[in-house]
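**Student:** Before I ask anything, let me first share the structure, which is written out below as structure tokens.
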Amino acid sequence: METKEKNTATPYDLDGKPPLKLAIPLGLQHVLAMFVGNLTPLLIITGVCGIESGSALQVALLQNAMLVAGIVTLIQIYTIGPVGGKLPIVMGTSSGFIGVCRSVAVTMGSGVAGYGAILAASFIGGLFETVLGGFLKPLRKFFPAVVTGTVVLSIGLSLISVGIGSFGGGSTAPDYGSLENLFVGTVVLVVIIALKHGTKGFTSFSSILLGIIVGYILVSIMAMVLPTTFTYTDETGAVVEATKSWVVNWSKVADASWFAIPKIMPVKWVFDAKAIVPICIMFVVTAVETVGDISGITEGGLGREATDKELSGGVMCDGLGSSFAALLGVLPNTSFSQNVGLVAMNKVVNRYSIGIGGIFLIACGLFPKLAALISIMPQSVLGGAAVMMFSSIVISGIQLITKWPLSPRNVTIVSVALGVGYGLGSNSAVLAQLPESINLIFGGSGIVPAALFAIILNIILPKDEKTEVEFYVKDGDHVENKQLVGKIYGDIRVLLCGERTALNYLQRMSGIATYTSQVAALLEGTGIKLLDTRKTTPNNRIFEKYSVRVGGGNNHRYNLSDGVLLKDNHIGAAGGVKQAISMAKAYAPFVRKIEIEVENLDMVKEAVEAGADIIMLDNMTTEQLKESIDYIAGRAEIEVSGNVTKENIARLTGLGVNYVSSGALTHSAPIMD
């Protein structure tokens, strides 16, 4: 068995522990990628709810947001029972809830009470999503690769504008798009590309982190040689002097405290249906996004589709994590698409390394000075990494969509979902005349309508009929070497996907049928029936036993309920041969035969006297067989078993045996090639 202990794993291994000198920077990369995004929703919604910027309450909420993100990330990575996908997923405050939370806050009066209503609704909605995650397996059929791929593609497309916005210094910054901001973003991007593809080992793994560090150094040098302030004319026409957005404000680090204790339920909850209903609807939407994120992680980082258990556990973690976040005054937590892009780009999927990032987030929640060091990162520095990371999500979506052939049906699903669904979301003005509830759900990033259209079209559009099979022989026919047995017509990409598996089954089952045929030929004319056993390959018994029948053999029991066969363990438990047969007769239906396995003449005598219907002579020499068969003298049917192969079966002919069972028919038959 292969295990990866302590420092033996690489960053590309899902499990195991790489050296800390690798794990720490790799985990820190993920924190840097999501730190600002984790706090932004809180800054927006607390502002709408009248919570003063920089107030003790807002600072406490921001601190708790980091703590919650770290704890829920660790649960997602390492799981608690069925909760968690056991995948390298970073969790954080969801930006997808900004629209609905803003609406709820306005409806509730834009005060602290509105924020309390959001938290109460988030707690209930989180529990609702947890239940939804538990029932995700039967719903999995609605999320084939073409659907999840479309969702992942939509997530990536929705983030590209965010990434380029940061690249320019932050879309709300007065100096957005300045030459300095574009220069900083470009340098960071070039450094990341150079390290990623021009080096190996640590510098390649940690290209994002090192690129951001270079960005910090660059803006610090720029602050020494270039002006750090500028003047501009605001919307009122006034001339305003401001600090350039690429300047690092080190005073925030100096002013931050060293340690702070998180506050539980810092805001009083308010339960109101006007908040609960729309937020619960949004939790359904975020479950779809999480399915997309998980699919993006497994496809982009692991090169496979997500399992039912991973999807279910991931969505349940989303739900419970959001309920836990509400207890600490934080908005709903969900998987962070930014980090999906990071995994898709550098292929680092090691859970231990990402877990280090979760621990770092917890530390940021407990040690504000550490959090401040990251929070002062200029947007243009982050943007240099973000433009590449977010585009990588788009590539993961394309990989999922093209995992199966782009048939006309799949082209229609993707085209309509992106063209109409994503188009509606990214151009929300077209929905201005519709009810506000529609705008809240569909007028955000475009992910929700794209997902909805993809799911609906996948259900209603008929599946493509594109594969035909023509056989020239039937099961049991004798074939010669290189003989054509059939033809398959269809899309070449579909055929190549299943070619190796189909050939493996054909070789394996043909081998069993051929070997059985050869053994059965040795018993031809003797009246002895050739039987198989239950020694079959897991999950393939039905195919292997069918192959035995095709080869001219007969099936013994398919499972334990098909007959009563008393073996040495039963005999020992019952206290002897006679007792075992007596107990079997007392409980088995009278139409069912009682068979017992014996190893010597004394056991044969007891079996005959107890009235066994079939006596299996197991692992006996030829002399022992003759002696036992003579004693039975037709009073029971006789089966011979134990190390029966093609090479020694001839010795059993002429002895008066009724059946011969051989496990070799299924466990030792050579494959046909």
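**Student:** Filter the stretch 270-279 for residues that are open to solvent by 40 Å² or more (accessible area, probe 1.4 Å) and in a loop (DSSP other than H, G, I, E, B) and give the result.
**Tutor:** 270, 271
**Student:** Looking at 252, 309, which is the one that is in a helix (DSSP H, G or I), at pLDDT below 85 and of a type in the set (Lys, Arg)?
**Tutor:** 252
**Student:** Right, here's the next one. Being farther than 14 Å from residue 659 by Cβ and either surrounded by 14 or more Cβ atoms within 10 Å (Cβ to Cβ) or in contact with a Phe, Trp or Tyr (Cβ under 7 Å, 6 or more places away or on another chain) (or both), is that true of even one residue in the stretch 636-643? First the steps, then the outcome.
**Tutor:** Residues of the stretch 636-643 that are farther than 14 Å from residue 659 by Cβ, as a first pass: 643.
The next check asks that each one be either surrounded by 14 or more Cβ atoms within 10 Å (Cβ to Cβ) or in contact with a Phe, Trp or Tyr (Cβ under 7 Å, 6 or more places away or on another chain) (or both); those that pass are none.
No, every residue in the stretch 636-643 fails to be farther than 14 Å from residue 659 by Cβ and either surrounded by 14 or more Cβ atoms within 10 Å (Cβ to Cβ) or in contact with a Phe, Trp or Tyr (Cβ under 7 Å, 6 or more places away or on another chain) (or both).
**Student:** Can you work out which of the residues in the stretch 121-144 that are aliphatic (A, V, I, L, M) and over 17 Å from residue 101 (Cα atoms) is surrounded by the most Cβ atoms within 10 Å (Cβ to Cβ)?
**Tutor:** Taking the stretch 121-144 and keeping what is aliphatic (A, V, I, L, M), we get 121, 124, 127, 131-132, 136, 139.
When the remaining residues are screened for being over 17 Å from residue 101 (Cα atoms), the result is 127, 131-132, 136, 139.
Values: 127: 17, 131: 11, 132: 18, 136: 21, 139: 16.
Filtering first and then ranking leaves 136.
**Student:** Give the residue that is least open to solvent (accessible area, probe 1.4 Å), with candidates limited to residues of the stretch 561-579 that are of a type in the set (A, V, I, L, M, F, W, C) and free of Cβ contacts under 8 Å to residues at least 24 places away in the same chain.
**Tutor:** Step by step, filter the stretch 561-579, then rank; the result is 574.
**Student:** Here is a further query. Being open to solvent by less than 40 Å² (accessible area, probe 1.4 Å), under 30 Å from residue 607 (Cβ atoms) and either at pLDDT below 90 or of a type outside the set (D, E, K, R) (or both) is true for just one of 494, 548, 591. Which residue is that?
**Tutor:** 548
**Student:** Something else now. Under 9 Å by Cβ, and 6 or more places apart or on different chains, what pairs join a residue from the stretch 473-495 that is in contact (Cβ under 8 Å) with a residue 60 or more places away in the chain with one that is of a type in the set (Ser, Thr, Tyr) and open to solvent by 80 Å² or more (accessible area, probe 1.4 Å)?
**Tutor:** Qualifying pairs under 9 Å: 475/546.
Residue by residue, here is whether (1) farther than 25 Å from residue 512 by Cα; (2) of a type in the set (A, V, I, L, M) holds:
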position	(1), (2)
547	no, no
561	no, no
566	yes, yes
569	yes, no
573	yes, yes
578	yes, no
581	yes, yes
587	yes, no
596	yes, yes
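This table checks each residue for (1) outside any helix (DSSP H, G or I); (2) crowded, with 22+ Cβ neighbours inside 10 Å; (3) at pLDDT 80 or above.
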{"position": "413", "(1), (2), (3)": "no, yes, yes"}
{"position": "421", "(1), (2), (3)": "no, yes, no"}
{"position": "438", "(1), (2), (3)": "no, no, no"}
{"position": "453", "(1), (2), (3)": "no, yes, yes"}
{"position": "456", "(1), (2), (3)": "no, no, yes"}
{"position": "464", "(1), (2), (3)": "yes, no, no"}
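**Student:** Just wondering, is there one or more residues in the stretch 382-394 that are among the aromatic types (Phe, Trp, Tyr), closer than 18 Å to residue 156 by Cα and open to solvent by 20 Å² or more (accessible area, probe 1.4 Å)?
**Tutor:** No, because not a single residue in the stretch 382-394 is among the aromatic types (Phe, Trp, Tyr), closer than 18 Å to residue 156 by Cα and open to solvent by 20 Å² or more (accessible area, probe 1.4 Å).
**Student:** Moving on. How many residues does the stretch 479-521 hold that are under 30 Å from residue 662 (Cα atoms) and not in a loop (DSSP other than H, G, I, E, B)?
**Tutor:** 22
**Student:** Can you tell me how many residues in the stretch 522-542 are part of a helix (DSSP H, G or I) and surrounded by fewer than 15 Cβ atoms within 10 Å (Cβ to Cβ)?
**Tutor:** Result for the stretch 522-542: 1.
**Student:** Open to solvent by less than 30 Å² (accessible area, probe 1.4 Å), more than 30 Å from residue 349 (Cα to Cα) and out of contact with any Lys or Arg (no Cβ under 8 Å at 6 or more places or on another chain): does that describe residue 219?
**Tutor:** In short, yes.
Residue-wise test of (1) open to solvent by 50 Å² or more (accessible area, probe 1.4 Å); (2) under 14 Å from residue 276 (Cβ atoms); (3) touching a helix residue (DSSP H, G or I) at 6+ places or on another chain (Cβ under 9 Å); (4) without any contact (Cβ under 8 Å) to a residue 40 or more places away in the chain.
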{"residue": "82", "(1), (2), (3), (4)": "yes, no, yes, no"}
{"residue": "85", "(1), (2), (3), (4)": "no, no, yes, no"}
{"residue": "90", "(1), (2), (3), (4)": "no, no, yes, no"}
{"residue": "100", "(1), (2), (3), (4)": "no, yes, yes, no"}
{"residue": "107", "(1), (2), (3), (4)": "yes, yes, yes, no"}
{"residue": "117", "(1), (2), (3), (4)": "no, yes, yes, no"}
{"residue": "153", "(1), (2), (3), (4)": "no, no, yes, no"}
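**Student:** Kindly provide the set of residues from the stretch 627-673 that are under 45 Å from the mean Cα position of the chain (by Cα), assigned to a helix (DSSP H, G or I) and polar (S, T, N, Q), ordered by number.
**Tutor:** 666
**Student:** May I ask you to list the residues in the stretch 140-166 that are of a type in the set (Val, Ile, Thr) and either within 23 Å of residue 301 (Cα to Cα) or assigned to a loop (DSSP other than H, G, I, E, B) (or both)?
**Tutor:** 146, 147, 148, 150, 151, 152, 155, 160, 162 - these are the residues of the stretch 140-166 that are of a type in the set (Val, Ile, Thr) and either within 23 Å of residue 301 (Cα to Cα) or assigned to a loop (DSSP other than H, G, I, E, B) (or both).
**Student:** Considering 319, 301, which residue is assigned to a helix (DSSP H, G or I), touching a Ser or Thr at 6+ places or on another chain (Cβ under 8 Å) and crowded, with 21+ Cβ neighbours inside 10 Å?
**Tutor:** Matching residue, one of 319, 301: 319.
**Student:** Go through (1) within 42 Å of the chain's Cα centre (by Cα); (2) surrounded by 14 or more Cβ atoms within 10 Å (Cβ to Cβ) for residue 519 and report which single condition fails.
**Tutor:** Of everything listed in (1) within 42 Å of the chain's Cα centre (by Cα); (2) surrounded by 14 or more Cβ atoms within 10 Å (Cβ to Cβ), residue 519 misses just condition (1).
**Student:** Can you say whether residue 406 is in a loop (DSSP other than H, G, I, E, B), out of contact with any Asp or Glu (no Cβ under 9 Å at 6 or more places or on another chain) and modelled with pLDDT of 75 or more, as far as the supplied structure shows?
**Tutor:** yes
**Student:** Answer with yes or no whether residue 620 is in a loop (DSSP other than H, G, I, E, B), out of contact with any His (no Cβ under 7 Å at 6 or more places or on another chain) and of a type outside the set (S, T, N, Q).
**Tutor:** yes
**Student:** Right, next: Can you pull out the residues in the stretch 167-209 that are in a helix (DSSP H, G or I) and within 29 Å of the chain's Cα centre (by Cα)? I'd like the intermediate steps shown before the answer.
**Tutor:** Taking the stretch 167-209 as the starting set, the residues that turn out to be in a helix (DSSP H, G or I) are 167, 179-198, 202-205, 207-209.
Those that are in a helix (DSSP H, G or I) and within 29 Å of the chain's Cα centre (by Cα): 192, 193, 196, 197, 202, 203, 204, 205, 207, 208, 209.
**Student:** Let me ask something else. For the stretch 601-616, check the following and say yes or no: at least one residue is out of contact with any helix residue (DSSP H, G or I) (no Cβ under 9 Å at 6 or more places or on another chain) and either within 16 Å of residue 662 (Cα to Cα) or crowded, with 19+ Cβ neighbours inside 10 Å (or both).
**Tutor:** Yes, the stretch 601-616 contains at least one residue that is out of contact with any helix residue (DSSP H, G or I) (no Cβ under 9 Å at 6 or more places or on another chain) and either within 16 Å of residue 662 (Cα to Cα) or crowded, with 19+ Cβ neighbours inside 10 Å (or both).
**Student:** Out of 561, 582, I need the residue that is modelled with pLDDT under 90 and assigned to a helix (DSSP H, G or I). Which one?
**Tutor:** 561
**Student:** Output the number of residues of the stretch 230-257 satisfying the condition of being touching a strand residue (DSSP E or B) at 6+ places or on another chain (Cβ under 7 Å) and open to solvent by 60 Å² or more (accessible area, probe 1.4 Å). Don't jump to the end; show me each part of the working.
**Tutor:** Pass one, the stretch 230-257, residues touching a strand residue (DSSP E or B) at 6+ places or on another chain (Cβ under 7 Å): 230-234, 239-244.
Add one more test, that the residue is open to solvent by 60 Å² or more (accessible area, probe 1.4 Å), and what stays is 231-233, 239, 241, 243.
Number of matching residues: 6.
**Student:** Sticking with this one: May I ask you to verify whether residue 54 is on the phi > 0 side of the Ramachandran plot, modelled with pLDDT of 75 or more, open to solvent by 40 Å² or more (accessible area, probe 1.4 Å) and more than 20 Å from the chain's Cα centre (by Cα)? Even if it seems obvious, please write down each step before you answer.
**Tutor:** Values: on the phi > 0 side of the Ramachandran plot: yes; modelled with pLDDT of 75 or more: no; open to solvent by 40 Å² or more (accessible area, probe 1.4 Å): yes; more than 20 Å from the chain's Cα centre (by Cα): yes.
Answer is no for this residue.
The values are calculated or read from the model by the stated rules, or taken from the named source; none is laboratory data. Since the model is a prediction, treat every value here as computed from it, not as a measurement. Heads up, the Cβs are rebuilt from the backbone with ideal geometry, glycines too, and the neighbour counts pull from every protein chain shown. These area figures cover heavy atoms from the full protein model, side chains too; ligands, DNA and RNA do not enter into them. Shrake-Rupley method; radii C 1.70, N 1.55, O 1.52, S 1.80 Å.
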